[in-house]
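The values are calculated or read from the model by the stated rules, or taken from the named source; none is laboratory data. In this text the structure is predicted, and so the values were computed from the model without any measurement. Virtual Cβ from ideal backbone geometry, glycine too; neighbours counted across all protein chains shown. These area figures cover heavy atoms from the full protein model, side chains too; ligands, DNA and RNA do not enter into them. Shrake-Rupley method; radii C 1.70, N 1.55, O 1.52, S 1.80 Å.
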Amino acid sequence: MRLSQYLAPTLREEPAEAEIPSHRLMLRAGLMRKVAAGIYTFLPLGTRVIQKVEQIVREEMNRAGALEVRLPIVQPAELWQETGRWEEYGPEMFRLSDRHGRLFALGPTHEEIVTDLVRNTVSSYRQLPVTLYQIQNKYRDEVRPRFGVMRAREFVMKDAYSFDRDEEGMHRSYRAMYEAYERVFRRCGLEFRVVEADSGAIGGSYTHEFMALAESGEAEVVWCPRCGYAADVEKAECAPPAPSAEAMRPLERVATPGVRTIQALVDFLPIDVEHTAKILFYAASYGGGREELVAAVVRGDRMLNEVKLKNALGALQVRMADQEEVSRATGAPFGSAGPVGLKGARLLLDREVAAGRNWAVGANEEDWHLRNANPGRDFPSGPIHDLRLVGAGDPCPRCGAAMESRAGIEVGQVFELGTKYSEALGATYYDEEGRSRPILMGCYGIGVTRTVAAVIEQRHDEAGIVWPVSVAPFEVVVVPVHYADPAQREVADRLYRELGEAGVEVVLDDRDERSGVKFNDADLVGYPYRVTVGPKALARGEVELTRRATRQTESLPVERLVAALRERLAADRAVLSVE
RNA sequence: CGGGAUGUGGCCCAGUUUGGCAGGGCGCCGCGUUCGGGACGCGGAGGUCGCGAGUUCGAAUCUCGCCAUCCCGACCA
C-alpha cells in the first residue's frame, strides 16, 4: 500500500476528548473516529488491527474445535421474554420496534438466540458436544461509555457457546476455551492474568476472567506471588483472621463530641484503627419489590466488598442506604451507629470483627462511642460472613503469603452456565436410552476491540503505539527521505515491491512530506519496523532498518534488506508464538 | 442518575469577566523556495460561535430552557 493513496489521517495534537493512552492514540494515529458517545467508525488502519485480532481468535477457536456461525444482531423480544431477561436486562439493552410494533433488541449477547438454534437443530446425544462461536458487533447502552473502545456501546466481541451432554463434557469444553483464550492473548502480546471471578447476574457457577494488566483498567486483580492464586478483587478472599487472644475488657461509654468518622475516633480516643469497627448500611432488594435494610460491620480501616455482601444475602441488588433511610429504621443518628443494641436493620458481621475483641464502635447516640464492645457479649456474634475487600498485603487464602494487586482490563471471560438457558428455553437432547435431558452449556467472550485498546495500553511510548508484529496494521513502513529524488525513489519502490513479494505486510510512505513528518507518523502509527531510504546510507549502497520498540537502527546493504527483515520478523513472531 | 467541566471552520484553542467588524495556530487548495525528526514565503477556501426562546439599537458574550461531549461517583455478563 502506498500511503499517498491511503486514508490514515493522523492528528498532530492530542484530541481534547480523550484521556487514557489507548483512546488518545487510536484517535491520533488515525485508527478510528468518534461518531457518538461510545460509538466509533474504524478507519482502514484500525480495521486492519481489528482483523488481525479477529484472525488470531478465529484460528484458536477453530483449533479448539469450535464452529463459526453468524447470529442476528436484531433479536425478537419473545426469545428474551422466554428467559425473563427482557425485563431483567434493564436499560442497558437497546430496544426497537418494527413497523408492526413488534419489539426487538440489538443483541447485547446471544445466549437466547444460540440456544434457540440448538433446541431446534439438536435432538440427539450423537450431535453433542458442539461449540458455536461468532465474531460480531454487540450493543450495550452503557450508563457511562468511556475511554474510547474500552467501554463502548457498540463493540466487537467474539462470543462462543458450548453444548454438552453432561457436567464432565461441560468441564472439558470449558477447559478447551480456557486454553484457547490463553493462546489468543499470548499471541496478541498481552501481559495478562487469569483470575477467579464472581459469576454475577449471568448465573453460572464457575468462571474465570482474563485480565490484561494496565493502569487504566477498571477492574482490580489480586494475586499471590508464591502460590499463584489470582482473583478479581470482587471475588478475592484472604486467609481467615486468627481469633484474638485478648481478654474481654469491660464495656465503656465515652463522650466523643463531634466525632463522626473513624479517623476522628482514632485521633480522639486515641486508639489504634485495628480496634475500631464501623457499620455500613445497605438497602438490599430481592425482587418482587422486597427490600430490606442491612447493617454490615467491618473493621474501621477496611472496605466493604459489595459483591460479597450481595452474595451473602442472596440479594439481587444492594445499594448504600441514604442517611434518611438509616435514621428512620434504626433511630440512630448517621455517623454514630454501632452494633450494640442496634434495631431496625439486619446485622451481619465480617469474619474479622467476629474474631476480634474490644472494639471501639458507635453508641447509636450522637457524640458517644463505646469501647471494648465484644461479639457474643455486647452484640450478636453472627451471622458471620467474609465481607471485606481484600488488597495488596493481605494474606493469601491458600498459602498465607502477602498478596499483590494491580489494575486490569477484562479482555475475556469464560463461564459454565449449566442448564440455566437450556431449561428456560427447552433445549434438550435424547440420550442413548431415549431419555430427554437438558443440555449443559458454557459461554465464552472476548472483547476484540477492547483487546486492541489493551494492547495499546501496554505497548506505547511518548511518540505513539508500539505494536507487536502479530496485530500491527502493517509490519514495515518504507520511508524515502525525499521521494522526489530519483535514486531514493528507485530503491524505495524496489524494496517496497520486493518486500510485498516476500509476503511482508509493507506500506510505502511516498507522500510529498518532509522526512520529519513521515518519521513522526511512522512512530505514531507504530509500525514494528521502518526502512529509511536516505542519501547518506544510499551513497554506500545501504538503507537503515529501525526497530520501533527500541529505536535501534542498523545500516545494511540494500540487497540484504529483505532477507534481514524477514529474519527479524520471524524472530519477533517466535516470541509471540504459543507452540 | 448525582457532582464537575466543556461546546467557536477538519484538529487544538483565544475571544465571554466589562455586549459593539468572528480571531490565531495546525491542517486543506494554488504558486515558489526547501528537503534526515511535525520547513518557509506569497496568495486562497472554509464558521447557522451546540440548538431554541428571551433581553437589547446591537448577543459568541447577558437570562431561561434544551441538547451533546468529557471527567469523577453510582452502575456494569
(message) Given the options A:ARG497, A:ARG450, name the one that is assigned to a helix (DSSP H, G or I), farther than 20 Å from A:VAL53 by Cβ, out of contact with any Leu (no Cβ under 8 Å at 6 or more places or on another chain) and open to solvent by 50 Å² or more (accessible area, probe 1.4 Å).
(response) A:ARG497
(request) Please enumerate the residues belonging to the stretch A:214-256 that are open to solvent by less than 20 Å² (accessible area, probe 1.4 Å) and in a strand (DSSP E or B). (result) A:VAL221, A:VAL222, A:ALA230, A:ALA231, A:ASP232
(request) Take the stretch A:535-574 and flag every residue that is open to solvent by less than 50 Å² (accessible area, probe 1.4 Å), within 16 Å of RNA strand B (Cβ to nearest atom) and of a type in the set (D, E, K, R). (result) A:GLU542, A:ARG548
(request) State which residue pairs qualify: first residue near RNA strand B (Cβ under 10 Å from one of its atoms) and inside the stretch A:98-114, second residue among the β-branched types (Val, Ile, Thr) and assigned to a loop (DSSP other than H, G, I, E, B) in any location, beta carbons under 6 Å apart, and separation of 6 or more residues or different chains. (result) A:GLY107/A:ILE73
(message) Would you confirm whether or not the stretch A:514-528 contains a residue that is out of contact with any Lys or Arg (no Cβ under 9 Å at 6 or more places or on another chain) and over 25 Å from A:ASP461 (Cα atoms)?
(response) no
(request) Give the residues of the stretch A:147-168 that are touching a residue at least 60 places away in the same chain (Cβ under 8 Å), more than 16 Å from RNA strand B (Cβ to nearest atom) and assigned to a helix (DSSP H, G or I), sorted by residue number. (result) A:GLU167
(request) Filter the stretch A:505-534 down to the residues that are buried (at least 19 other Cβ atoms within 10 Å of the Cβ) and of a type in the set (Val, Ile, Thr), then identify the one that is farthest from RNA strand B (Cβ to nearest atom). (result) A:VAL506
(message) Consider the stretch A:129-146. How many of its residues are of a type in the set (A, V, I, L, M) and within 7 Å of RNA strand B (Cβ to nearest atom)?
(response) 1
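Conditions tested, residue by residue: (1) under 17 Å from A:ASN137 (Cα atoms); (2) open to solvent by 20 Å² or more (accessible area, probe 1.4 Å).
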{"residue": "A:ALA16", "(1), (2)": "no, yes"}
{"residue": "A:PRO21", "(1), (2)": "no, yes"}
{"residue": "A:GLY30", "(1), (2)": "no, no"}
{"residue": "A:PHE42", "(1), (2)": "yes, yes"}
{"residue": "A:THR47", "(1), (2)": "yes, yes"}
{"residue": "A:LYS52", "(1), (2)": "yes, yes"}
{"residue": "A:GLU59", "(1), (2)": "no, yes"}
{"residue": "A:ALA64", "(1), (2)": "no, yes"}
(message) Being free of Cβ contacts under 8 Å to residues at least 60 places away in the same chain and either assigned to a helix (DSSP H, G or I) or open to solvent by 30 Å² or more (accessible area, probe 1.4 Å) (or both) is the filter here; which residues of the stretch A:478-493 pass it?
(response) A:VAL481, A:HIS482, A:ALA484, A:ASP485, A:PRO486, A:ALA487, A:GLN488, A:ARG489, A:GLU490, A:ALA492, A:ASP493
